[in-house]
1. Under unit Cβ charges (Lys, Arg +1; Asp, Glu -1), what dipole magnitude, rounded to 20 debye, does the stretch 3-73 have relative to its Cα centre?
2. Across the stretch 60-71, in residue order, what do the Karplus-derived ³J(HN,Hα) couplings come to in whole Hz, using 6.51 cos²θ - 1.76 cosθ + 1.60 with θ = phi - 60° and x for Gly and Pro?
3. Starting from the Cα of Lys85, step 7 Å along the direction of its Cβ; do the same at Asn52; then give the gap between the two resulting points in nm.
4. Between Gly112, His79, Ala18, whose Cα lies farthest towards the positive end of the dipole of the chain when Lys and Arg beta carbons carry +1 and Asp and Glu beta carbons carry -1, centred on the Cα centre?
5. Output the antiparallel fraction of DSSP beta bridges having both residues in the chain, as a percent to the nearest 5.
6. Mind listing the phi-derived Karplus ³J(HN,Hα) values for the stretch 112-125, rounded to whole Hz, using 6.51, -1.76 and 1.60 with θ = phi - 60°, and x for any glycine or proline?
7. Volume per residue, Å³, of the convex hull around the alpha-carbon atoms of the chain?
8. Please report, in whole Å³, the volume per residue of the convex hull around the C-alpha atoms of the stretch 81-122.
Amino acid sequence: MTEGIRRKSKQRQLVLEAVKHSCCHPTAEEVFQIVRQKNPNISLGTVYRNLNLLAELGEIQKLSLGVECDHFDKMLLEHGHLICKNCGAIEDLPCTLSASIRSLLEEERKQGVDTVSLTVTGLCKQCGGGHTEY
Ligand SMILES: [Zn+2]
Ligand SMILES: [Zn+2]
């Protein structure tokens with residue numbers, strides 16, 4: 001194994017850990033800020049490349065939420081997202097929701113579907129969209 005490859009997999013490991021330890025759905029920029037604290041020489045391009053690689057390897061998920069930048073997700077089970085129209089926060093929707101959409105569709109179409117990617121907009125729990133009692 002050459003030094004180059006070893007360094008590359010170390011960077012990938014750092015990027016993976018940053019996603020796993022971040023709050024929920026970081027952008028490449030946010031992951032970069034975390035990784036940079038441990039490895040000041042890393043570039044945003046390297047972080048981005050590793051994020052895409054990790055997504056291809058199935059270690060993390062890359063989310064296409066229709067917002068301007070890609071978000072990455074450490075949760076690998078199929079689940080949808082709510083984007084808060086007030087603060088832009090991304091919240092996880094229950095996995096059971098995606099699972100029931102999948103089974104409804106499969107029943108109706110009499111064949112499987114590949115992916116259920118579900119994005120809704122509304123208010124996050126913080127902004128009053130949850131079942132918080134006031
Ligand atoms: Zn909000
Ligand atoms: Zn998520």
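1. Charge dipole, the stretch 3-73, about its Cα centre: 440 debye, nearest 20.
2. 9, 10, 9, 9, 10, 9, x, 9, 5, 10, 5, 10
3. Placing both labels 7 Å beyond Cα along the Cβ direction yields 3.4 nm.
4. So the residue furthest toward the plus end is Ala18.
5. Expressed as a percentage, antiparallel bridges in the chain total about 65.
6. x, 10, 7, 10, 10, 10, 10, 10, 10, 10, x, 9, 6, 4
7. Roughly 134 Å³ of hull volume per residue.
8. Spelled out: Cα convex hull of the stretch 81-122, divided by residues, is 61 Å³.
We did not get these values from a lab; they are worked out from the coordinates using the rules stated. All values derive from a computational prediction rather than experimental measurement. Here the Cβ is made from the backbone with ideal geometry for all residues, glycine too, and neighbour counts use every protein chain on show.
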